[in-house]
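A.B. asks: Have a look at this one before I ask anything.
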Amino acid sequence: APAAPPPPPPAGAAPAAAKPVEDDHYCEMLCCTFKCRPWLDRLKSYQFPSSIDPLTNLVYVLWLFFVVLAWNWNCWLIPVRWAFPYQTPTNIYYWLLVDYLCDLIYLLDIIVFQTRLQFVRGGDIISDKKAMKENYLQSQRFKMDVVCLLPLDFFYFKVGVNPLLRFPRCLKYLAFFEFNNRLEAILSKAYIYRVIRTTAYLLYSLHVNSCLYYWASAYEGLGSTTWVYDGEGNSYIRCYYWAVKTLITIGGLPDPKTLFEIVFQLLNYFTGVFAFSVMIGQMRDVVGAATAGQTYYRSCMDSTIKYMNFYKIPKNVQNRVKTWYEYTWHSQGMLDESELLVQLPDKMRLDIAIDVNYNIVSKVALFQGCDRQMIFDMLKRLRSVVYLPNDFVCKKGEIGREMYIIQAGQVQVLGGPDGKTVLVTLKAGSVFGEISLLAAGGGNRRTANVVAHGFANLFILDKKDLNEILVHYPESQKLLRRKAKKMLKNNNKPKNEKGGPGDPLIIPPKADTPKLFQAALAAVGKAGGKGHLAQLRWKLRQLKAMQ
């Protein structure tokens, strides 16, 4: 029998064929309407790395944060649930749910992350899966992780849900210290985190003491004496207040009555004095390390001011010196950048110098085409100098021994009859004085005044440093000589045949023959003499012809 025709569409509804068929289109651009790929698909396509670098992998640092979060849950809440009556049969399931979620984080840390951590053996970075797993299983970290997950929860069926059975979960402190090290390496101001962590140590000691005080009060009987907690108000806040007054030894507490109370209070006082002194000392070290640079800056500035006062330096010079100290410190965070890098290996200093200076130095016309390694060696010799407003970077006529690269700020080239006309303003990234590094004789004299327009931070390359580098690169040395000579000819073309006065030359010309001596030679020539003067006259003619 023939198949029955499909039923007609309801009135007001468009036929299915009329609807445009839209394919799922995922686009990362803004040129069209896109749909976000479902998070489940992205999660399925994600491949977990086979090995993890614990020093640089940010995902591992994020995972350590969750591990430390679970560890803090156990450390802070286990004493509270043991001492205070906050764990009741009505909310026991919520407590257990979070407890076993923390246990799951501990278990994933053992199975997924710790067995994939790279390690160093004999100077080599080991990333083999089997070797990484064996290294973790033989480490002290694995033993502590296993102890942390001892299944003491099975005793719940016999003694009830006692939070003290979860005390081994607090032994995962190695993850906490590792997280501290990784986080401090990432943060730009790690001392802030250190202050917060030290404060948390103090708060936790007070937290444990408040729990012990409530337990002691319950053991003696709430409100049984004037020393114990009377059971009024918020129990945790009242006990925490008592713990603060005890550990910080503020005083004003009621005297203990029984032997148990006296012993408890004595132990509290001894522990409080010890713990509080340790916290104060640690806080002092943290703040001292955070302000070490500032202290060094102040000591240097104070010593300089004392020196200037001793020799009665004029006030305007003293003010400029103070301004230099303040600007250099606030702009760089240090007085000498070389002191920061002196402890690093040569290769790391080179990497930092390339990132900071290579883009600027590579654009200098004089160094284009030179050996790349020579440029790298030159980058390590650059030193940073700060100039104040209206400071002379170089003066006209002085011997040029440095090349300057403007890192920040501006400088002005002055000229004209009065030497005060601004010829050009050079901005960040500009280079000047490079020809003076290779010019010989009188060619390395400055031809104009260069003044800092505002605060200017310049990189300086010394002529002596460049010569030490070029000894190892003879081909680059020849190329630089040719380039410097060509640039000098283009920048200082002679106005007439003899050349203008003061034109810098790579090879300076010899001095002219004195006029009196020329007259004597001419007289000998007219007389037709054949003595020593005639011979000299003949040699001078030959030299002129050669020139």
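The values are calculated or read from the model by the stated rules, or taken from the named source; none is laboratory data. What you see is a predicted model; the values in this text were computed from it and never measured. Positions of Cβ are generated from backbone atoms using ideal geometry, with glycine treated the same way; all protein chains shown enter the neighbour counts. Heavy atoms of the whole protein, side chains included, go into the accessibility calculation; ligands, DNA and RNA do not. Shrake-Rupley method; radii C 1.70, N 1.55, O 1.52, S 1.80 Å.
A.B. asks: Would you be able to say whether some residue in the range 297-318 is touching a Leu at 6+ places or on another chain (Cβ under 9 Å) and under 29 Å from GLU184 (Cα atoms)?
C.D. replies: Yes, the range 297-318 has at least one match.
A.B. asks: Continuing with the same structure: Give all pairs with beta carbons closer than 8 Å in which a residue from the range 370-382 that is in the same structural domain as LYS478 (by the TED database) and more than 15 Å from ASP355 (Cβ to Cβ) meets a residue that is among the aromatic types (Phe, Trp, Tyr) and not in a helix (DSSP H, G or I); count only pairs at least 6 apart in sequence or on separate chains.
C.D. replies: So the pair list comes out as CYS370/TYR473; ASP371/TYR473; GLN373/TYR473; MET374/TYR473.
A.B. asks: Could I ask something else about it? Give LEU108, LEU152, LEU97 a once-over and let me know the one that is without any contact (Cβ under 8 Å) to a residue 24 or more places away in the chain and touching a Leu at 6+ places or on another chain (Cβ under 6 Å).
C.D. replies: Criteria check complete, one pass: LEU152.
A.B. asks: Look through the range 314-325, keep the residues that are surrounded by 12 or more Cβ atoms within 10 Å (Cβ to Cβ) and either touching a Cys at 6+ places or on another chain (Cβ under 6 Å) or charged (D, E, K, R) (or both), and return whichever of them is nearest to ALA456 (Cα to Cα).
C.D. replies: By that ranking, first place goes to ARG320.
A.B. asks: Moving to a separate point now. If LEU43 satisfies every condition in (1) modelled with pLDDT under 70; (2) open to solvent by less than 100 Å² (accessible area, probe 1.4 Å); (3) not small (Gly, Ala, Ser) but one, which is the exception?
C.D. replies: Tallying (1) modelled with pLDDT under 70; (2) open to solvent by less than 100 Å² (accessible area, probe 1.4 Å); (3) not small (Gly, Ala, Ser), LEU43 fails exactly one: (2).
A.B. asks: How many residues are open to solvent by less than 60 Å² (accessible area, probe 1.4 Å) and either in contact with a helix residue (DSSP H, G or I) (Cβ under 8 Å, 6 or more places away or on another chain) or within 18 Å of TYR387 (Cα to Cα) (or both) when one looks only at the range 411-428?
C.D. replies: Qualifying residue count, the range 411-428: 6.
A.B. asks: Among the residues of the range 193-226, how many are open to solvent by 70 Å² or more (accessible area, probe 1.4 Å), touching a residue at least 24 places away in the same chain (Cβ under 8 Å) and among the β-branched types (Val, Ile, Thr)?
C.D. replies: 1
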